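What follows is a single structure, written as structure tokens, with notes after it.
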Amino acid sequence: MKNRFDVIVFDWDGTLVNTIDWIVHCLQKAGEQCGYVIPEPQAAKDTIGLSIENAVQALYPNADTATNHKLVASYSQTYFSKQLTQDDFFPGIYDMLIHLKESGYQLAVATGKTRAGLTHALAATGTESIFNITRCADETASKPNPKMLHEIMHHTQATADRTLMVGDSIHDLQMARNANVPSVGVACGANSRESLQQYDPLLCLQQATELLTFIS
């Protein structure tokens, strides 16, 4: 895989940052506060990667529009009650990002987070300057729609075959497939190695930092 890619696109939660359990808690707390049966942890994990609106709709399909807004607001209030720091990265992630950037790769983020949420996260982790472009679900389209990747490729002037998507959820890898972009799965987040392998990633790693062995 050396010299095969110009752009590496990372998902955020569960791929770079160890926030899956916290997101599950926030999704469950939102349901509890709105009077719903609390979803099982894996059911909540299976929505991670989608926009928050699509995630609550998937978990609480009988909720009307007004209740959906309440669920989203409750989720956001709980999520932002915890301060994110660089320590929330999986071990070695920050150094990996710096190494990749210094090696000449264009780096990007494609996330189901809102723009406000990602802006806050980038500032809290000191990574604003690392990424050439970031795309969020509320300014484009939720995964697995390929629009985020199309916009990233347009911005970086990269072709699909020279772009790599790295993610921990089935939605990340399905988005890559929909965009005809090669992918690498990481099994440290929302979905299991077995679930990720159904989308034919080039590799399925335990942690994103293992990528360095194959591309640098």
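The values are calculated or read from the model by the stated rules, or taken from the named source; none is laboratory data. Keep in mind it's a predicted model, so treat the numbers as computed, not measured. Don't worry about glycine lacking a Cβ; one is built from the backbone with ideal geometry, like all the others, and counts go over all protein chains shown. With ligands, DNA and RNA removed, areas are computed over all heavy atoms of the protein, side chains included. Shrake-Rupley method; radii C 1.70, N 1.55, O 1.52, S 1.80 Å.
Axis of helix 147-156 versus longest Cα principal axis of the chain: the two differ by about 30°, to the nearest ten degrees. Close amide H contacts of GLY14 (hydrogens built in the peptide plane, cut-off under 5 Å, sequence separation of 5 or more or a different chain): THR19, ILE20.
Model label points for ASN68 and SER192, set 7 angstrom from Cα along the Cα-to-Cβ axis, are 3.1 nm apart.
Among GLY185, GLY92, GLY112, the largest mean-square fluctuation in a Gaussian network model of the chain (Cα springs under 10 Å) belongs to GLY92. The accessible-area ordering, largest first, of the residues VAL72, VAL109, VAL37 stands as VAL37, VAL72, VAL109, per a 1.4 angstrom probe. Shape of segment 139-216 from the C-alpha gyration tensor: oblate (a/c of 1.5 or more and a/b not above b/c, with a ≥ b ≥ c the square roots of its eigenvalues).
Helix-only estimate, please: 222 nm mean residue ellipticity of the chain, summing -39500 (n - 2.57) across DSSP H runs of length 4 or more and dividing by its residues, to the nearest 500. All intermediate terms of the calculation are to be shown ahead of the outcome.
Working: 10 runs with 91 residues, N = 216.
Taking each H run of at least 4 residues, the total per residue is -12000 deg cm²/dmol.
Could you give the C-alpha radius of gyration of the chain expressed as a fraction of 2.2 N^0.38 Å, taking N as the number of residues it contains?
Details: Rg = 16.5 Å, N = 216, 2.2 N^0.38 = 17.0 Å.
Compactness ratio reported: 0.97.
The mean accessible area for residues of segment 95-216, using a 1.4 Å probe and ignoring ligands and nucleic acids, is 40 Å² per residue.
For ASP87 and ARG115, what is the calculated FRET efficiency with R₀ set at 25 Å and r taken between the beta-carbons, to the nearest 0.05? Working shown, then result.
Details: r = 24 Å, r/R0 = 0.95.
Once the sixth-power term is evaluated, E becomes 0.60.
In the elastic network of the chain, a GNM with C-alpha springs shorter than 10 Å, the most mobile of HIS171, HIS154, HIS120 is HIS154. Taking all protein chains as shown and a probe of 1.4 angstrom, LEU107 keeps an accessible surface of around 0 Å². From largest to smallest, the equivalent ellipsoid semi-axes obtained for segment 28-103 from the alpha-carbon gyration tensor read 32, 13, 12 Å.
In the structure shown, do any of LYS29/LYS147; LYS82/LYS113; LYS29/LYS113; LYS45/LYS113; LYS29/LYS143 have a Cα-Cα gap over 25 Å, and if so which?
Values: LYS29/LYS147 31 Å; LYS82/LYS113 16 Å; LYS29/LYS113 18 Å; LYS45/LYS113 14 Å; LYS29/LYS143 23 Å.
LYS29/LYS147, as the Cα separations exceed 25 Å there.
With all protein chains in place and a 1.4 Å probe, the accessible surface of the chain carries 47 percent carbon and sulfur.
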